[in-house]
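Q: Below are the structure tokens for one structure; questions will follow.
The values are calculated or read from the model by the stated rules, or taken from the named source; none is laboratory data. Everything quoted here is computed from the prediction, not taken from an experiment. With ideal geometry, Cβ positions are generated from the backbone for all residues, glycine too; neighbour counts draw on all protein chains shown. The accessibility values were calculated without ligands, DNA or RNA, using every heavy atom of the protein model including side chains. Shrake-Rupley method; radii C 1.70, N 1.55, O 1.52, S 1.80 Å.
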Amino acid sequence: MDATQTAQTLVRSVMRAFCSTQEILIIEALVTHSALRDDDLAYLMKINLKDLHKHCASLRDARFLVVHTRPEVQAGKTRPINRTYYYIDYRQTIDAIKWRVYKTDKDMQSIAKPQDENKEYSCPRCKAQWTQMEVLDSVGAEGFVCQRCGSLLARSKEREAPGHQQLSRMNNQFKFMTDMLQEVDKVVVPECNFDKAIAVARPIVREAIHEVLASIPVDTTLNKPSAVKGLANTGPKTMSVIITDGTDEQENIESRKRKERLLRENALPIWMTESSVLTKSKFAENEEEEDGAPAKRVKLETADPGIDLDLPTSAGIKVEGDDDDDDLEFEDVV
């Protein structure tokens, strides 16, 4: 018996031991035909697709079969439709069986009670059970007495706890699986995928009244779009990266010129950076620019000695700072 037949025997035995009749028939059909489409499997099972998908979903969750979908085009039609196929990945199924056996064994071990918790003495009258530690202080003339009714206790026969009984029964029931798992571990189970399964699939022979149109699988690699529809691929075809240490003198000069040009182009106009309202200092600067000489200040004297006006020379009568006429004064006639 080769590795594939050993794996198939293990899967069939586990299905017959723990699964329903419909699920057993589905696995039997997949073992026989290697891979089946959902409508072909429903034809063999004599059930509708809805019930078939429900049973296959539970088997898929238990890792007993694999679901594969591919687009196909029927004869006389141009639009492809997705068709569902089922097949068995034996490596995955064997791993699932090992995990179930291990998990069940651990759960049963947690339920089993330790051996030292067995009740060693029982009362024949009230049916109470006691351990030896509990009856050490209840000793009568003939032996230990019951703390509840005072009757003489009888020593119980050696027996296993209920948890250990369940663990032993489970080991006996799982023995066929553990033995076959050991045989499977001695061989290498071949890898199984959809392409290998469909290549060796046994065809379904339908009756004339149940014939369906033949379908052809679509090669999805040919029609795979390279970009999103409606967008042109205008990006750069190639890209080069040049790494330098920054010591090139010509590059530094060009970079400095480029920064200066950007500063000039982005500079704000003067009417935004300076105020258009004339102040005293700006008025003096304008006078200096017009006369080409330092602006002279004039002193206007009025009849009131307490009022002293300081004006530029354009309004003036008394000029201060003139080297020729330092003592010249004009009086304003009021």
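Q: So which residues in the range 191-221 are part of a loop (DSSP other than H, G, I, E, B), touching a Ser or Thr at 6+ places or on another chain (Cβ under 6 Å) and either open to solvent by less than 100 Å² (accessible area, probe 1.4 Å) or more than 30 Å from Tyr43 (Cβ to Cβ) (or both), if there are any at all?
A: Across the range 191-221, the qualifying residue is only Ala201.
Q: Can you tell me which of (1) open to solvent by 40 Å² or more (accessible area, probe 1.4 Å); (2) within 29 Å of Leu181 (Cβ to Cβ) is the one Thr93 doesn't meet?
A: (1)
Q: Still on this model: Considering (1) among the small types (Gly, Ala, Ser); (2) out of contact with any Phe, Trp or Tyr (no Cβ under 8 Å at 6 or more places or on another chain); (3) at pLDDT 65 or above, say which one Ala232 fails and leave the rest.
A: In the conditions (1) among the small types (Gly, Ala, Ser); (2) out of contact with any Phe, Trp or Tyr (no Cβ under 8 Å at 6 or more places or on another chain); (3) at pLDDT 65 or above, Ala232 misses (3) alone.
Q: Filter the range 59-90 for residues that are open to solvent by 30 Å² or more (accessible area, probe 1.4 Å) and either in contact with a Gly (Cβ under 8 Å, 6 or more places away or on another chain) or assigned to a loop (DSSP other than H, G, I, E, B) (or both) and give the result.
A: Arg63, Ala75, Gly76, Lys77, Thr78, Arg79, Pro80, Asp89
Q: Got a number for residues in the range 139-156 being part of a loop (DSSP other than H, G, I, E, B) and touching a residue at least 12 places away in the same chain (Cβ under 8 Å)?
A: Total satisfying the criteria: 8.
Q: Looking at (1) in contact with a helix residue (DSSP H, G or I) (Cβ under 7 Å, 6 or more places away or on another chain); (2) open to solvent by less than 30 Å² (accessible area, probe 1.4 Å); (3) assigned to a helix (DSSP H, G or I), which is the one condition that is false for Leu30?
A: (1)
Q: What residue, of Lys157, Lys186, Lys175, is modelled with pLDDT under 80 and open to solvent by 30 Å² or more (accessible area, probe 1.4 Å)?
A: Every option except Lys157 fails the conditions.
Q: So, one more: In this structure, does Tyr43 turn out to be under 30 Å from Ser156 (Cβ atoms) and surrounded by 12 or more Cβ atoms within 10 Å (Cβ to Cβ)?
A: no
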